[in-house]
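The values are calculated or read from the model by the stated rules, or taken from the named source; none is laboratory data. None of these values were measured; they are calculated from a predicted model. Here the Cβ is made from the backbone with ideal geometry for all residues, glycine too, and neighbour counts use every protein chain on show.
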Amino acid sequence: AAWDLAFHCVSLALVDPDFAKRQLILMTREWYMHPNGQLPAYEWAFGDVNPPVHAWAAWRVYQMDARHTDTPDRHFLEAVFHKLLLNFTWWVNRKDADDNNIFQGGFLGLDNISIFDRSSVLPTGGHIDQADGTAWMGFFSLEMMRIALELAKENPVYQDLATKFFEHFLSIATAVSEHGIGLWDEEDGFYYDHLHLPDGENFPLKVRSLVGLLPLIAVEVLEPDLLQKMPDFQRRMHWFIENRPHLSGNMHSIHIPGRGERRMAAIVTQDRLQRILRFMLDETEFLSPYGIRSVSKFHEAHPYTFFANGQSHAVPYWPAESRS
């Protein structure tokens, strides 16, 4: 799978950063990337959708290579950035069904932890707004913003693009939390997928799974010395915070400096982080002796069941390998 390769490239960069860079560039070449910007998923279904992790992988490989050679390869970073602009636009145009910064995406690499096969037509009709798909796009926005800031060190024009991705991130963070369309459940303190039926009905699919933990990955820390070199970006960032409080109020407070005057952009606020961690670090929920479970152990005694067209669809808890 294309997203598997992105993770492989980060590991390959430890021993052969040039090969890792060539592999990441390869996936964005015209004989792999569709002209509309979509990256292929895997050999048996090119049109499926993988999580957008190539920007993160390119940034990590760039950093690792720079530490190894003391010569940052800006040509590589700039080349892959421009192609990933197409991929980002494809996601925004094709995977936001209601144009409200809540994303779908389908399977997205998560096996056997959803009520339905998210890559197929739903038995209910309609579509699923996905907590993981939306979190991945918040993550994608932040990684593209960080790459743009790196490129802006030598070309200030990239500060405009960094601002664009910061604005995208604000919109996504707001949509995730917004009452009525958002994916955050205030009563449970968890993120859920939402099923949208053809008649307009919309309700959460209350499965406690890795899907609801994915918003935790959408985070970026900005060093103070970097921001000082980016006056245009810093000015526009503060403008959005001050003049669009309905956007900036739904994410971690980036205007409040942390240790060493660092700033952090994150979808999950401190209060929500604490509520999610109560599930994630609970041995009767997600925490196992071997890491984090994909599905909460809560569903062992309380499987989530949904009825559609006379058939039941359930997500139970199965230890070890899935039975479906």
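Scanning region 198-214 for residues being part of a loop (DSSP other than H, G, I, E, B) and touching a His at 6+ places or on another chain (Cβ under 9 Å) gives a total of 2.
For region 215-320, the strands (runs of 3 or more DSSP E) that sit wholly inside it and include 3 or more residues that are surrounded by 14 or more Cβ atoms within 10 Å (Cβ to Cβ) and either in the same structural domain as Phe165 (by TED's automatic domain parsing) or in contact with a Cys (Cβ under 7 Å, 6 or more places away or on another chain) (or both) are 219-222, 263-266, 304-308.
If you check Ala20 against the conditions, is it touching a residue at least 24 places away in the same chain (Cβ under 8 Å) and either in contact with a Cys (Cβ under 6 Å, 6 or more places away or on another chain) or over 26 Å from Asp132 (Cα atoms) (or both)? Yes, satisfied.
Output yes when any residue across region 44-56 is closer than 30 Å to Tyr304 by Cβ, assigned by TED's automatic domain parsing to the domain that holds Ala2 and charged (D, E, K, R), and no when none is.
Checked region 44-56: at least one residue is closer than 30 Å to Tyr304 by Cβ, assigned by TED's automatic domain parsing to the domain that holds Ala2 and charged (D, E, K, R).
Counting only residues that are in contact (Cβ under 8 Å) with a residue 24 or more places away in the chain and of a type in the set (Phe, Trp, Tyr), which one in region 266-311 is nearest to Val121 (Cα to Cα)? Selected residue: Phe306. Would a scan of region 56-65 turn up a residue that is hydroxyl-bearing (Ser, Thr, Tyr) and modelled with pLDDT of 95 or more? Yes, region 56-65 has at least one match. Would you call Gln130 touching a strand residue (DSSP E or B) at 6+ places or on another chain (Cβ under 6 Å), surrounded by 19 or more Cβ atoms within 10 Å (Cβ to Cβ) and either under 26 Å from Arg244 (Cα atoms) or at pLDDT below 95 (or both)? The answer is yes for Gln130. Of all residues in region 180-223, those that are within 30 Å of Arg146 (Cβ to Cβ) and over 19 Å from the mean Cα position of the chain (by Cα) total 2.
Among the residues of region 11-62, those identified as part of a loop (DSSP other than H, G, I, E, B), of a type in the set (A, V, I, L, M) and surrounded by fewer than 18 Cβ atoms within 10 Å (Cβ to Cβ) are Leu14, Val15. Taken over region 187-241, residues that are without any contact (Cβ under 8 Å) to a residue 12 or more places away in the chain and small (Gly, Ala, Ser) amount to 1.
A residue that is under 16 Å from Leu108 (Cβ atoms), in contact (Cβ under 8 Å) with a residue 12 or more places away in the chain and among the acidic types (Asp, Glu) occurs nowhere in region 55-68.
Here's the yes/no breakdown for (1) at pLDDT 95 or above; (2) more than 25 Å from the chain's Cα centre (by Cα); (3) hydrophobic (A, V, I, L, M, F, W, C):
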site	(1), (2), (3)
Asp225	yes, yes, no
Met251	no, no, yes
Gln274	yes, no, no
Phe279	yes, no, yes
Glu283	yes, yes, no
Phe286	yes, no, yes
Tyr290	no, no, no
Pro303	no, yes, no
Val315	no, no, yes
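On the given criteria, is Arg208 in the same structural domain as Glu150 (by TED's automatic domain parsing), within 29 Å of Phe116 (Cβ to Cβ) and among the basic types (Lys, Arg)? Yes; evaluated as a whole, the condition is true for this residue.
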